[in-house]
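The values are calculated or read from the model by the stated rules, or taken from the named source; none is laboratory data. Only a predicted model underlies this, so the values are computations on that prediction, with no experimental measurement involved. Cβ coordinates were reconstructed from backbone atoms using ideal geometry, including for glycine residues, and neighbour counts include every protein chain displayed.
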């Protein structure tokens, strides 16, 4: 009988082993997973890349301000944040803004004992990041960032031609410069006429202010042309945190059961009986006098009846 059980056990074990995946099947599955991951990375790079992010050196008449905006899901927001900041540094760029935060989605509390509850907090970690990278390295930076993408919500890439705006600023500066020279000469030639001089100086100050604004606008546009801006919004799968907390809502759970209440009542009754007994013991002298007086009274009463 024992031999039969052993044979059946070995047979069952062999059938389980034969039904499980073989080493070759596991190797094929791992190879397929690696291939799928490689394809996913390639797809991510294709999705975030665009001709709008690539500078064309052949066309020198165009001046593009290139910006990119992406929102995507990552495995870990913290790890991807460090990775993106390192990518910006490698591409000679820098981080201008980052806002890492956790948003509580839901909190549940479940009593698990008379005095404890399990609190479960569901939360989502997000980060908003702004980067500035050289215009010539925008496409390379986006492809590097795409390695962190689990799921791409959207990507927006813009290339705004500001060549005419730069030309307009330059022409305005030239006009204002010529006007400034003429006003300066007029002030010098009519220095004795206070009213005319005051009006000319006021106009000169306005022209200088407009010239300064045009110069600052040109500097700002050139900065945006040479350094592209990337705005990222990243998030990860909803996480949860469990914590054991006191159960201060379920007051009834703290009340003892019927058996414990009965035992406590018996103990309290015994304590009262002990107290009475101790009290009576303290009055033993008085009790003795009362008993003796009662016996004498009975003895006298019987003698009188005789």
Next on the checklist: Checking residue 121 against (1) within 30 Å of residue 246 (Cα to Cα); (2) free of Cβ contacts under 8 Å to residues at least 40 places away in the same chain, only one condition comes out false. Which one?
Outcome noted: (2)
Checklist entry - Would you call residue 106 loosely packed, with under 11 Cβ neighbours inside 10 Å, modelled with pLDDT of 60 or more, over 30 Å from residue 245 (Cβ atoms) and in the same structural domain as residue 157 (by TED's automatic domain parsing)? => result no
Checklist entry - Does residue 113 satisfy the condition of being modelled with pLDDT under 90 and surrounded by fewer than 17 Cβ atoms within 10 Å (Cβ to Cβ)? => result yes
